[in-house]
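For reference, the structure is listed below as structure tokens.
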Amino acid sequence: MRNSWLGAGVFAAGLGLAMILACGGLSSAGPAATASPAFWKVWGDGKAELSGYAITTTRYGVPREGRVVLIYVTEPMDRRNWIKDDAGDVPIEERVNVLKLNNVLKFQTGIYPYSVMTSVFAPVDTLAAERFAPAKIAMGAQEWCGLVYEKVIPAPQAFTSELRSYFHAEGDRDATVKTPPGTLYEDALLIQLRELDGPFARGKSWAGSIVPSLWSQRKGHTALGPVAATIKREDATRDGVPVTRFILVYGAVVTTYDVEKAAPRRVLAWKTEGGDEAKLLKTARLPYWQLNGPGDEKYLKQLE
């Protein structure tokens, strides 16, 4: 991974792209320019934000202790295929800056481990009514029985999905699923609820439809599709820290997120009524893609 070329220049590049977009340089299918200079001042520094969490998660009906790392970083992508512009040669009118979240979950089940990573790619400029609506979500899950990969590409009235599974009952499946206007995606909430460049749902509670997280549907072996949901917001404190508490409800699922009110507006914790609970340990801003040499394991201490 090479993100260092973004550096401080992303701030200027983001503003430059914003000017091109504002002048109509991008077709109507592209995002409108809305990312603020304040956003780029933080997220154009050429580093990623990494937060480590201790998590208790249930698998096979038993609570498991594990670790989560949430990795947030801005990257340029080609909006024609939502693939990263590694070489920097995508035409400017096709290049879109996204805030990427890699949600990495690891835990042990008896003799064998689980490794799950969900990646969310959310344009920093407005793509839909709600800021940081995802343009792409991908999930890979590996354990000793086999592996599964799923990709979702949201669109205004539907999403397309690709499922590639080791398991015969699932196999390889492609689908297009209709969604009501304004549908949210649960996997993107760990970006959107942070309100990094303006309030979520205009600062109010929200009701509509949501597509559950890819990992939750994977665990339940259920088809992916929109469901009716609500997100209630309220002021609260967590260990003496003022937070905005968001309570997501759909079906029997109830998940509570505590997001610190002060910058950098990290997700301090989340908890489900199904028994999952994650608590923030530490956060660091690092160019992690450069820290792959012998001895760089020491940087993990900044997340523990």
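Considering (1) out of contact with any helix residue (DSSP H, G or I) (no Cβ under 6 Å at 6 or more places or on another chain); (2) charged (D, E, K, R); (3) at pLDDT 95 or above, say which one ASP172 fails and leave the rest.
Among (1) out of contact with any helix residue (DSSP H, G or I) (no Cβ under 6 Å at 6 or more places or on another chain); (2) charged (D, E, K, R); (3) at pLDDT 95 or above, ASP172 violates only (3).
Looking at the stretch 155-213, what strands (runs of 3 or more DSSP E) fall wholly within it and have at least 1 residues that are in contact (Cβ under 8 Å) with a residue 12 or more places away in the chain, among the charged types (D, E, K, R) and closer than 15 Å to VAL227 by Cβ? Break it down into steps so the answer makes sense when it comes.
Details: elements: 158-165, 172-178, 206-211.
The qualifying strands (runs of 3 or more DSSP E) are 172-178.
Does VAL69 meet the test of being within 30 Å of GLY275 (Cα to Cα), in contact with a helix residue (DSSP H, G or I) (Cβ under 9 Å, 6 or more places away or on another chain) and either crowded, with 16+ Cβ neighbours inside 10 Å or modelled with pLDDT of 95 or more (or both)? Before you say what the answer is, go through the steps one by one.
Numbers: within 30 Å of GLY275 (Cα to Cα): yes; in contact with a helix residue (DSSP H, G or I) (Cβ under 9 Å, 6 or more places away or on another chain): yes; either crowded, with 16+ Cβ neighbours inside 10 Å or modelled with pLDDT of 95 or more (or both): yes.
So VAL69 passes the test.
Conditions first: (1) surrounded by 17 or more Cβ atoms within 10 Å (Cβ to Cβ); (2) outside any strand (DSSP E or B); (3) small (Gly, Ala, Ser); (4) more than 17 Å from the chain's Cα centre (by Cα). SER216 passes all but one, so which condition is the exception?
(4)
Please pick out the residue among ASP258, ASP235 that is charged (D, E, K, R), surrounded by fewer than 15 Cβ atoms within 10 Å (Cβ to Cβ) and in a strand (DSSP E or B).
Numbers: ASP258 fails: surrounded by fewer than 15 Cβ atoms within 10 Å (Cβ to Cβ).
Step by step, each of ASP258, ASP235 is checked, and only ASP235 is charged (D, E, K, R), surrounded by fewer than 15 Cβ atoms within 10 Å (Cβ to Cβ) and in a strand (DSSP E or B).
Could you count how many residues in the stretch 240-255 are over 21 Å from TYR185 (Cβ atoms) and either in contact (Cβ under 8 Å) with a residue 24 or more places away in the chain or crowded, with 17+ Cβ neighbours inside 10 Å (or both)? Break it down into steps so the answer makes sense when it comes.
From the stretch 240-255, those over 21 Å from TYR185 (Cβ atoms) are 240-243; that's our starting set.
Narrowing further to those that are either in contact (Cβ under 8 Å) with a residue 24 or more places away in the chain or crowded, with 17+ Cβ neighbours inside 10 Å (or both): 241, 243.
Of the residues in the stretch 240-255, 2 are over 21 Å from TYR185 (Cβ atoms) and either in contact (Cβ under 8 Å) with a residue 24 or more places away in the chain or crowded, with 17+ Cβ neighbours inside 10 Å (or both).
Would you point out the residue of the stretch 222-232, among those that are of a type outside the set (Val, Ile, Thr), farther than 18 Å from THR176 by Cα and touching a residue at least 24 places away in the same chain (Cβ under 8 Å), that is surrounded by the most Cβ atoms within 10 Å (Cβ to Cβ)? Walk me through it before giving the result.
Our first condition is that a residue be of a type outside the set (Val, Ile, Thr); within the stretch 222-232, this holds for 223-226, 228-229, 232.
Subset that is farther than 18 Å from THR176 by Cα: 228-229, 232.
From the residues that got through so far, the ones that are touching a residue at least 24 places away in the same chain (Cβ under 8 Å) too are 229, 232.
On the way: ALA229: 20, LYS232: 14.
Within the stretch 222-232, the match that is surrounded by the most Cβ atoms within 10 Å (Cβ to Cβ) is ALA229.
Can you tell me which residues in the stretch 115-137 are farther than 17 Å from TRP40 by Cα, in a strand (DSSP E or B) and out of contact with any Ser or Thr (no Cβ under 9 Å at 6 or more places or on another chain)?
Keep residues of the stretch 115-137 that are farther than 17 Å from TRP40 by Cα, which gives 115-120, 127-130, 133-137.
Cutting the leftovers down to in a strand (DSSP E or B) gives us 115-120, 136-137.
Matches in the stretch 115-137: SER115, VAL116, MET117, SER119, VAL120.
The values are calculated or read from the model by the stated rules, or taken from the named source; none is laboratory data. Given the structure is predicted, the values throughout are model-derived calculations rather than measurements. Counting neighbours? That spans all protein chains shown, and the Cβs are built from the backbone with ideal geometry, glycine included.
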